[in-house]
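Below is one structure; the comments refer to it alone.
Each reported figure results from applying straightforward, stated rules to the coordinates on display, with no laboratory input. The shown structure was predicted, so the numbers you read here are calculated from the model rather than taken from an experiment. Here the Cβ positions follow ideal geometry from the backbone for every residue, glycine too, while neighbour counts run over all protein chains shown.
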Amino acid sequence: MSDKIQNKYIEEYKDVKPSAEFLDRLTLTLEQERANKKRSNIKMVRRVASIAACLVVAVAAGVLILHNTKPSSTGDASSTTDSSPDTPNSSVNNSVNIYGDNTAITGQPIKIDEWDTSSLTPEEYADAMAQMLSSDSLSYILKSDSNSFVGADKISDDEIASLSEMFKNATLTDKADDSAERTYYMAVFEDGLIIKLSAVSDSYVEIPSKDVFLSVN
Amino acid sequence: MSKNGVAELSARELVDKYSAMIYRLAYARLQSNADAEDVTQEVLLRYIRADKSFNDEEHRKAWLLKVTVNVIKTLATSAHRRHDVELEEASGVTYEQQEPSGVKEAVAQLPEKYKVAIHLFYFEQLTIEQISKILNKSQGTVKSLLSRGRDKLRELLSEEGQYV
């Protein structure tokens, strides 16, 4: 090929280049993609760790249950039950110990921030919560009159939907009166994340562990 | 931070270093700024998602060019683009009906199969072996593409009395 043609082609194609505006937008998109990738990698590690921890807890709970349900040599079944009243729920308690705020159940607040909300405003947090409650990653929600969920019932899909709606319409407000009557919920997600929340007379929703207090219109 | 000897690039560095290369190759084949931008974005997103290790800059550049060729193929055969091209042809405004005013325009009038090979050879100044790897074709096929492409380019330019 003629060098003259090649030189002319190079010269002409040097003028073919993306606009500065496009490059700025592209840089932003790539930065976001890289950040998302890092976040999903962290989530994956946490998920694997959660599964591993659950397996350990399940095995430990199984051993504990087997041990405690073994008939005593004296044959006094009631004394076995009395000595460990929480045994049937011990595996649940231990699971909760791994994730989230389990203050009400064990009296020992353990908070693991599985859900990274550091970059969200409270309103965005409410939107994110609404989405999470209506997503497939939600396993179930327990409902209770107190901030304790041992033996609490799961709520129906309709109730989950209305709870999600409450967050969709929520706006930031001050904390509701402590003496107000509350309904407490514990949302459990497939990846092990647990979020406790409460609703006050269908007018407020709260996520106490995040200090998020929202008014529902 | 590095990936097996070759430095990991920040988003800005990645854009500064490779976006023009990808954009030009895409433009050479697709002749559309919007399509070239789409290809550039898609290729660099794939780069980040792939999180590959590269031995050196040449390896990284070759990978990006190969992915660019694949993305161009996908876009060139997409229903959306076919629709646009059909509309363009129906309107009677095609490159084939215009006289080339330079080498760039002349290359744009070449049949599709020659454009990428010609661009990689002319502008990126890659060897036949490198082009054959990027296009996933034999060296003989690449030689043939370049030879026939050159002949057609010469024909187009001689009609205009340019560079011959």
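The table that follows gives values for the structure above.
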{"quantity": "Per principal axis, descending, Cα span of segment B:1-50 in whole Å", "calculated": "37, 18, 16"}
{"quantity": "FRET efficiency estimate (nearest 0.05) - Cβ-Cβ, B:Arg49 to A:Lys168, R0 25 angstrom", "calculated": "0.20"}
{"quantity": "Simple label model, 7 Å out from Cα along Cβ direction - B:Asp16 to A:Ser134, nm", "calculated": "4.4 nm"}
{"quantity": "Global form of segment B:99-164, assessed from the alpha-carbon gyration tensor, a/c cut-off 1.5", "calculated": "prolate"}
{"quantity": "Approximate spin-label separation A:Ser156-A:Asp24, in nm, with each point projected 7 Å along Cα-to-Cβ", "calculated": "5.4 nm"}
{"quantity": "Entries of A:Lys4/B:Lys66; B:Lys17/B:Lys52; A:Lys14/B:Lys61; A:Lys37/B:Lys133 with Cα pairs more than 22 Å apart", "calculated": "A:Lys4/B:Lys66; A:Lys37/B:Lys133"}
{"quantity": "Selection of GluC sites (Glu not before Pro), segment B:5-54, meeting DSSP coil and at most 14 other Cβ within 10 Å", "calculated": "B:Glu8"}
